Amino acid sequence: MAVYPAAAAFLLLWLWLSIRNVDNGILMAIALIPFGMFAAIVVGDLSIIMANLLAILSVTLLVLRRTARVSPTKHLPLPAPSLFLLVFALYSVFSALVLVRVFQGNFSVFPMNVTFAGPKVSLFFNSVMVPLGPSSSNIAQAFYIVLSVAFFLATLAVARRRGVEFIETGLVWAASLNAILGLVDFLQADAVLSLFRTADYALLNEQIVIGRFDRVIGGYSEASSYGAASAAFFSYFLMSYLIVRKKGHGVLAAANLIGALLAVSSTGVLAVAGGVFYVLLHFRMFLGFSMSRVFGHFLVLGLSVLTIFVSTSLLFPSVADNVSNVLDQLIFSKLDTLSGRERGAWSASALNAFVQTWGLGAGVGSLRGNGLVSVLLGSVGFIGTMAFALFVITAIGSPISGADRSTLRLYCAGRVCALTLLTAMLVSATTPDPTLFLMAVTAVCVAARERAYGLYVANPQVHSGQVNSSHM
């Protein structure tokens, strides 16, 4: 077991914030999401990421506070998204403990822990397949899913009590930190980043595109993860900025867009495209609040300048060739690359597991797939996949009506952010873990919807010792 000293400072900060108010722990867990490779503790092959550790501690404190109350309490019932998410978590645990043993040895899979010991299945990549069987990955991945679900419930409870804006504060911190880490990586300050790259993951910070473009990975282990996170932050704060025109949110949107593009990742590029598309689908939301003439003029002027700049740049052969080569390598010829072929094999293997298990799934943590659909079907089968799909539909599937401007902004921003994350996961997810990030923004959406329909009234001034228990 390895414990890293840099984690002590964050644990002390979390402790200080939680003593002041236990709800602050949730904010700090959200804020540290960009530290995707910052392990507080490494036990064997398991790296406990700092954000996950703080989520565990924060959820535990919230549960202890609730169970410590001896007086009768009145609380809101669980909304439909929570119920579907609980079904997903329960089936995930069942699959990890039972289904993997039921189908043990019946077929081969690409294991979660990448190994090169065994017969190669292709001349184009080194990943090997092994017979299906239980391993420590089943327990680890099931735990991550349970943690994500518990984090969603805890975040929703805090949002009901303190207001959705309280949760958004954590997203502001996270987006700021993500942009800063990208800048530090762009400046090649690896000595600084090495303090936070402590997880036992393969660090892919030396990759370049077409021999000249260095990829920025920020606080993550690879460009695709950083590109997807940056695109999600970009879409959230772009949507928010367009509705309320808050300058700080506009700056965060621009900074994270630059980070997503500097990642030079196919996942990041597709996520950015998806984010822009989802924001444009909500045009009635930001045009419906009587866009001022000044803002409209600046928006048109900015788009015109951007169009002229891009068009002029493409007139130069060297620029046009570079753009064409990058897009070809990242998007159009992706399936012909070694990475593309390997990920295609992972996806096919996961879908084969779905068929071989009669639609039940081979168990969470049993296999490595590619793309959220193949990963869910192969791991948790039809039941788990449907439960997760129903969670997404009920959480963000439909717009809200009759809400004030602030509530509408929070819901729409959370919605486009969640859709951007799901777009990235549909392209490159290798595990069925919904992640803390997705749980946080979907909790924002659910809480905003409940507030729009008058199901609760938050009190942002409450303290840990003076909390109205009816909202927990």
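The values are calculated or read from the model by the stated rules, or taken from the named source; none is laboratory data. Since the structure is predicted, the reported quantities are computational estimates derived from the model, not experimental observations. Cβ sites come from the backbone with ideal geometry, for glycine too, and all protein chains shown count toward neighbours. In case anyone asks, the SASA skips ligands and DNA or RNA and just uses the protein heavy atoms, side chains included. Shrake-Rupley method; radii C 1.70, N 1.55, O 1.52, S 1.80 Å.
Summing +1 for each Lys or Arg and -1 for each Asp or Glu among the other residues whose beta-carbon sits under 11 angstrom from that of LEU410 gives +2. Couplings 3J(HN,Hα) for region 410-427, derived from phi with the Karplus relation 6.51 cos²θ - 1.76 cosθ + 1.60 (θ = phi - 60°), are 4, 5, 5, 5, x, 5, 5, 5, 4, 5, 5, 4, 5, 4, 5, 5, 5, 8 Hz, where x marks Gly and Pro. Quick query: amide H of VAL364 versus all other amide H atoms, modeled in the peptide plane; which residues come in under 5 Å with a sequence gap of 5 or more or a different chain? Long-range HN contacts for VAL364: SER95, ALA96. The accessible area of ARG449, taken with all protein chains in place and a 1.4 Å probe, comes to roughly 40 Å².
The H on the amide N of VAL109, modeled in the peptide plane, is under 5 Å from the matching H of VAL130, LEU132, each at least 5 residues off or on a different chain. Taking θ as phi - 60° and the Karplus parameters 6.51, -1.76 and 1.60, the scalar couplings of region 346-352 work out to 4, 5, 4, 5, 5, 5, 5 Hz in sequence order, x denoting glycine and proline. Label positions at LEU13 and LYS246, each projected 7 Å from the Cα along the C-beta direction, are separated by 2.1 nm.
Extension gain for THR169-LEU280 works out to 37.5 nm (0.36 nm per residue, less the C-alpha to C-alpha distance).
Each part gets one Cα centre, and for region 347-418 versus region 89-104 those centres are 18 Å apart.
Quick one: compute the contact order of region 136-272, relative version, from alpha carbon pairs under 8 angstrom and 6+ residues apart, as a percent.
Details: 161 pairs, mean separation 29.3, N = 137.
Relative contact order for region 136-272 comes out at 21 percent.
Here the 3J(HN,Hα) profile of region 232-249, calculated from phi with Karplus coefficients 6.51, -1.76 and 1.60 at θ = phi - 60°, is 5, 4, 4, 5, 4, 7, 5, 4, 4, 5, 5, 8, 10, 6, 8, 4, x, 5 Hz, Gly and Pro shown as x.
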